[in-house]
Each structure stands twice: as structure tokens, then as C-alpha cells.
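For reference, the structure discussed in these notes is given below.
Nothing in this text is a laboratory measurement; each read-out follows from the coordinates by a stated rule. Model, not experiment: these values are computed from the prediction. Using ideal geometry, Cβ is built from the backbone for each residue, glycine included, and neighbour counts are taken over all protein chains shown.
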Amino acid sequence: MYFRRIRDLCEDSDKKQRKLAEYLHIDQRTYSDYETGCINVSIEALMKLVDFYDTSIDYIVERTNQR
């Protein structure tokens, strides 16, 4: 499943994929695949991204526009 907000949040915060991959304890290529929707984001990674960006899962999966 593709969540474009993962990429948007990364770009908006001026973070590099490599840094986020390190934070998630995954390979940078895996993180890149998350951003492009080539592979599904694990629930564990999704929860870590929610904490990292101080947002909600609903925002990341586009169920709401309220960050």
C-alpha cells in the first residue's frame, strides 16, 4: 500500500532516507521502497514514524488531513 505522506513528511522535515532508515533499523533501500509503495510498511515501522513525526496513523494513511 502506498502512503505518499511518508515521503511528504520526510521531505517537509528535510530528513534523508538514510537517517530515517537508521532510525527504523532497516536498510535505506527498504525505506525507499516504503516511500514508493513497492513494499508494505510494517506496523512497527508505521508506529515509529508516527512517533518520529509526532503525528497520527490516520494522517499518514490519509484518513484525515489534520496533522
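Laid out as a table, the results:
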| read-out | value |
| --- | --- |
| Residue exposure sequence - I60, I39 - by fewest surrounding Cβ within 10 Å | I39, I60 |
| Region 24-32 - phi-based ³J(HN,Hα) in whole Hz, Karplus 6.51/-1.76/1.60, Gly and Pro as x | 8, 6, 10, 6, 4, 5, 4, 4, 4 |
| Label point distance in nm, R63-V50, each placed 7 Å from Cα along Cα→Cβ | 0.9 |
| Karplus-derived HN-Hα couplings along region 55-66 (A = 6.51, B = -1.76, C = 1.60, θ = phi - 60°), whole Hz, x at Gly and Pro | 9, 10, 4, 4, 5, 5, 8, 6, 8, 8, 9, 7 |
| Average silhouette area of the chain, convex hull of alpha-carbon atoms, in square nanometres | 3.8 |
| Rel. contact order, % - alpha carbon contacts under 8 angstrom, at least six apart, the chain | 37 |
